[in-house]
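*Asks:* There's a structure below that I have some questions on.
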Amino acid sequence: MRDKQINKACDRAIAELANGNTKALSKIYDCMARMIFSVAYAITGNYQDAENVLQDTMIEIMKYAHAYQSGSNAKAWILAIARHCSIDIVRKRKQSVSIDNLKTTDLPETRPDLSRLEVLDMLSVLGSEEKQCLILRLYAKMPHKEIAKIMNISVASAQKKYQRAVRKLKDYYL
């Protein structure tokens, strides 16, 4: 779906949700799940945490659908919720477990997707906010103005963070 179509569909679905139609949440999920997950993963750096953020975001959308101003940018509103949920999870993390304390039975038996690992390795050179700007700009195709609104920074700052991220990636990998 194109951005305008996504915004219209989500806007309608949020209005339906606010009026008690809980089935409208599935429309939002269909349109936004990948973007929400991507933003969450960029912030948390953890697959399971990103899945939890996706679920938490859906719950928050249901909880606050009545507060959404119809006609505003639904996609930006939803991704702002996802960003806040992601930051909450990162803040709540307890002490990390040492790899020495893990048993081999605790480790997942899935084969890593090498293309994902390469992307994650590339993104590891970026700071958290740079990563967020890059993902929102390239993956969610959001303009700097919307990114700034979601991240509570100025448009100029969003542009600088994006440019800095691109420059870091070029310097590091070229």
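*Asks:* Where in the range 1-104 are there helices (runs of 4 or more DSSP H), lying wholly inside it, with at least 2 residues that are of a type in the set (Gly, Ala, Ser) and at pLDDT 90 or above?
*Replies:* 3-18, 24-44, 74-92
*Asks:* Show the residue pairs that are 6+ apart or on different chains and have beta-carbon atoms under 7 Å apart, the first residue being within the range 1-20 and farther than 13 Å from residue 141 by Cα, the second being surrounded by 14 or more Cβ atoms within 10 Å (Cβ to Cβ) and not hydrophobic (A, V, I, L, M, F, W, C).
*Replies:* 9/27; 10/75; 13/27; 14/68; 18/68
*Asks:* Further question: If you go through the range 126-166 one residue at a time, how many are under 16 Å from the mean Cα position of the chain (by Cα) and among the polar types (S, T, N, Q)?
*Replies:* Of the residues in that region, 3 qualify.
*Asks:* Being closer than 15 Å to residue 12 by Cα and among the hydroxyl-bearing types (Ser, Thr, Tyr) is the filter; apply it to the range 43-96 and report the residue that is farthest from the chain's Cα centre (by Cα).
*Replies:* Once the filter is applied, the top-ranked residue is 70.
*Asks:* Count, please, the residues in the range 22-81 that happen to be hydrophobic (A, V, I, L, M, F, W, C) and under 25 Å from residue 127 (Cα atoms).
*Replies:* The first filter runs over the range 22-81 and keeps only residues hydrophobic (A, V, I, L, M, F, W, C), leaving 24-25, 28, 31-33, 35-37, 39-40, 42-43, 50, 53-54, 58-59, 61-62, 65, 67, 74, 76-81.
Adding the requirement that they be under 25 Å from residue 127 (Cα atoms) leaves 32-33, 35-37, 39-40, 42-43, 50, 53-54, 76-81.
The qualifying residues number 18.
*Asks:* Going through the range 123-165 one residue at a time, which ones are in contact with a helix residue (DSSP H, G or I) (Cβ under 7 Å, 6 or more places away or on another chain), at pLDDT below 90 and in a loop (DSSP other than H, G, I, E, B)?
*Replies:* 125, 126, 139, 140, 141, 142
*Asks:* Shifting gears a bit: So which of 174, 107, 114, 120 ends up being surrounded by 12 or more Cβ atoms within 10 Å (Cβ to Cβ) and at pLDDT below 85?
*Replies:* Within the list 174, 107, 114, 120, the selection yields 120.
The values are calculated or read from the model by the stated rules, or taken from the named source; none is laboratory data. Because the structure is predicted, anything quoted here is derived from the model rather than measured. Backbone-built Cβ (ideal geometry, glycine too); neighbour counts: all protein chains shown.
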